[in-house]
Structure formats: C-alpha cells, structure tokens
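Peer 1: Quick one: this structure, given as structure tokens, is what I'll be asking you about.
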Amino acid sequence: MTEKRPIFAVAPMIDWTDRHCRYFHRQISREALLYTEMVVADAIIHGPRDRLLGHDAAEHPLALQLGGSDPAKLAEAVKIAQPYGYDEINLNVGCPSDRVQSGTFGACLMLTPETVAECIAAMKRVATVRVTVKCRIGVDEQEPEKALPELITRVLDAGADAIWIHARKAWLKGLSPKENREIPPLDYDIVYRMKQRWPDVFIGINGGIRTLDEAAAHLEHVDGVMLGRAAYQNAAILADIDQRFFGAPAAEPDWEALRDRMMAYAERHIASGGRLQHVARHMVGLFTGLPGARRYRQILSTDAAKTGAGPEVLAAAFAAVDFSETEQEAVSA
C-alpha cells in the first residue's frame, strides 16, 4: 500500500554511498532513507561479509541494494544479510555499467522481466523486511510505454513492496555509465502515469532532481523522491529535508556539532585501522557556495590524504568556512 508519508531517499551510488558517506549524511538528516552501494550477491555469499554488510547503527533507516540475476543466489544473499538489520532490500534493475553487463544483471534485467519476477519472488520468500525494485524506464530499443508496465506488473505479482524508477532509458550499447546518467532524456511523465495506473503501490522517482523545490513538485505526483549526485555533491541540501518533508521543527544546522560528531567518528575509524581520507572524501562538497568553501575543499582533499592525518584536519577545514551566510544561501548556491 502507499506510504502514509513521502519518502525522501539518497540514491545508491557505486563508490560513493559507502558506510562513511551514509554516516555523514545521517548526521545532517534523521529522516532520509539511505542506500548502500550495490553489493553483488556472489560477493556476499563468498566474500568478506562484515566488510560488505557492516554498518553503524546510526545509519538507519537504511536499505541494502543487491545486484544479481540468479534467484537462488539473491535469496541466499538476503538470508546472509538478515542479521545485519537492514530496513529494506532493493534489487538493482537499473545500473548500466560494464560490470553489470558482463554479469547480465542491473539494467540488463529490463530485457527479461520474467527473471526479475523470479528474483523478487525468491527474495520475498526469505526476507523479513520490504523488498523493492529500482529500475529504468527501459533499455536500448525498448518502448518504455510497454516495457515499464510489463516489468512493474510482473514484480508486483511476485510480491515487490515498492518501485523506484529512474526516469531515463539506459543505453547498454554506445553510452558509458556517466553518459547514461546525463544523455538519455528524462521522462518524468511516464513515472507519473505508472503511479496513476497503480495508485495503491508505492512508486518513487529518481533522475536529474537537483533541488528540494523540484523534489516537492514530484511529490505532487508520486510517493517518494530519490536524489543522487545533488545530495552527494552538495550535502547541505539534506539539512532542510526533515523540516520540509517530515514536519521536524525548523532549526538552523549546527555545523559545530556536525564537526564534532564527524571528528569522533573519524577517530574511531582511524583507531580501527582506517584512514581519514576514507571519511573526509565524502565531506568535500558540504559547504558549496559559502565563503571559505574553496579552502575547506583544499584542506579535505589534500591534508586528509596525507599519511597519519587525524581528525584535527576536519577541525581545520571547518575553521576555514564563514558560517555567517544564511542556510538558504548555502543550500541554493
């Protein structure tokens, strides 16, 4: 059934939304639904499970995105992931990278909706949380008006609890993954039409959404909005989500408190054998538009990468920023 309130999510992004990124984003928004990077089912079955699935309790609400096309392996991956306590399991049916094409999953699965349905049914049989799908509107020469409804029909019949739709085609032939995020034209209207066709199903939208005003406009038509690069590259945009979409009291962001929490987190990570750069690289875009942001970026990009760098680098970076600008200026810049 449709959610009683909208969902605002930060999209799963390979090499970006790792556990350090998610912890950072959670310090800015309590309500945003966060997603892991896509984790391939085979990796979970045969690889270092704690490294692939481990996360901080503070990251919730948190969804695990899986990649794969073998129903039995996906079901096994779901069972293995269960004790880690994710709030949702999502199947990737939209990634167009060479990696997924060689493995015949991700966006390739748009071509075999019956396989997607078998995967969802297998995952649902063992899952104790919501199982969802994130897809494109079609791939290559597919006609979205036919391909997208067929996929939705099949996965809903298989028990899918929600559908996230990236409102672009994926071109598996001729476009790079980066080009697939930018060149195929956006078609938000087809996503709206899918919601009209299935009014009692949660349908969320993704693709090219840059501002909270745009997000609010989409929520007039669908149940959820997912931001990707806009949320990552200018994380301050997350600061208004809780108040604007979830009714939290209006309040100016406490950047000093954020600094202190991230310094403590970085200290724990370094003590466990990690490096400051693992954390700091996700924070570079935080203060886009504020005076001192360039120096802030320089410190995080350069000093945090040095051998032996500690949390004091974060303090130095924050000290370079002039916080006298209004929060609105920071978010809209």
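The values are calculated or read from the model by the stated rules, or taken from the named source; none is laboratory data. Everything numeric in this text was worked out from a predicted model, so none of it was measured. Here Cβ is always computed from backbone atoms with ideal geometry, including for glycine, and neighbour counts include all displayed protein chains. Side chains are part of the model used for accessible areas, which takes the heavy atoms of the whole protein and leaves out ligands, DNA and RNA. Shrake-Rupley method; radii C 1.70, N 1.55, O 1.52, S 1.80 Å.
Peer 1: What are the residues in the stretch 208-251 that are under 15 Å from PHE8 (Cβ atoms), among the small types (Gly, Ala, Ser) and assigned to a loop (DSSP other than H, G, I, E, B), if any?
Peer 2: Within the stretch 208-251, GLY228, GLY247, ALA248 meet the criteria.
Peer 1: Among the numbered criteria (1) open to solvent by less than 10 Å² (accessible area, probe 1.4 Å); (2) hydrophobic (A, V, I, L, M, F, W, C); (3) under 28 Å from GLY54 (Cβ atoms); (4) modelled with pLDDT of 95 or more, which one does ALA236 miss?
Peer 2: (4)
Peer 1: Please work out which one of (1) at pLDDT 95 or above; (2) over 23 Å from ALA167 (Cβ atoms); (3) open to solvent by 20 Å² or more (accessible area, probe 1.4 Å) is the condition ALA122 fails and give its number.
Peer 2: Going through the list (1) at pLDDT 95 or above; (2) over 23 Å from ALA167 (Cβ atoms); (3) open to solvent by 20 Å² or more (accessible area, probe 1.4 Å), ALA122 breaks only (3).
Peer 1: In contact with a helix residue (DSSP H, G or I) (Cβ under 9 Å, 6 or more places away or on another chain) and at pLDDT below 95, is that true of PRO71? Step through it out loud before you land on a result.
Peer 2: Numbers: in contact with a helix residue (DSSP H, G or I) (Cβ under 9 Å, 6 or more places away or on another chain): yes; at pLDDT below 95: no.
Against the criterion (in contact with a helix residue (DSSP H, G or I) (Cβ under 9 Å, 6 or more places away or on another chain) and at pLDDT below 95), PRO71 does not qualify.
Peer 1: Here's a follow-up. Within the stretch 223-233, how many residues are closer than 16 Å to PRO6 by Cα and open to solvent by 10 Å² or more (accessible area, probe 1.4 Å)? So that I can check it myself, show each step before the final result.
Peer 2: Pass one, the stretch 223-233, residues closer than 16 Å to PRO6 by Cα: 223-227.
Filter again for open to solvent by 10 Å² or more (accessible area, probe 1.4 Å), leaving 223.
Result for the stretch 223-233: 1.
Peer 1: Another question about this same structure. At least 1 residues that are open to solvent by 40 Å² or more (accessible area, probe 1.4 Å) and at pLDDT 95 or above in each: list the helices (runs of 4 or more DSSP H) lying fully within the stretch 127-199 that qualify. Break it down stepwise before answering.
Peer 2: Numbers: elements: 144-157, 177-180, 188-197.
Qualifying helices (runs of 4 or more DSSP H): 144-157, 188-197.
Peer 1: Further question: Taking the stretch 20-39 on its own, how many of its residues are in contact with a helix residue (DSSP H, G or I) (Cβ under 7 Å, 6 or more places away or on another chain) and either closer than 18 Å to ASN90 by Cα or among the hydrophobic types (A, V, I, L, M, F, W, C) (or both)?
Peer 2: Residues that pass the stated criteria total 7.
Peer 1: Suppose we filter the stretch 76-119 for residues that are within 21 Å of GLY47 (Cα to Cα), surrounded by fewer than 17 Cβ atoms within 10 Å (Cβ to Cβ) and modelled with pLDDT of 95 or more; how many remain?
Peer 2: The qualifying residues number 6.
Peer 1: Right, next: Could you list, in sequence order, all residues of the stretch 2-24 that are modelled with pLDDT of 95 or more, in contact with a Leu (Cβ under 6 Å, 6 or more places away or on another chain) and more than 19 Å from ILE270 (Cα to Cα)?
Peer 2: Of everything in the stretch 2-24, those that are modelled with pLDDT of 95 or more, in contact with a Leu (Cβ under 6 Å, 6 or more places away or on another chain) and more than 19 Å from ILE270 (Cα to Cα) turn out to be ALA9, VAL10.
Peer 1: Among the residues in the stretch 107-130, are any in contact (Cβ under 8 Å) with a residue 24 or more places away in the chain, over 19 Å from ASP157 (Cα atoms) and assigned by the TED database to the domain that holds LEU52?
Peer 2: For the stretch 107-130, residues in contact (Cβ under 8 Å) with a residue 24 or more places away in the chain, over 19 Å from ASP157 (Cα atoms) and assigned by the TED database to the domain that holds LEU52: present.
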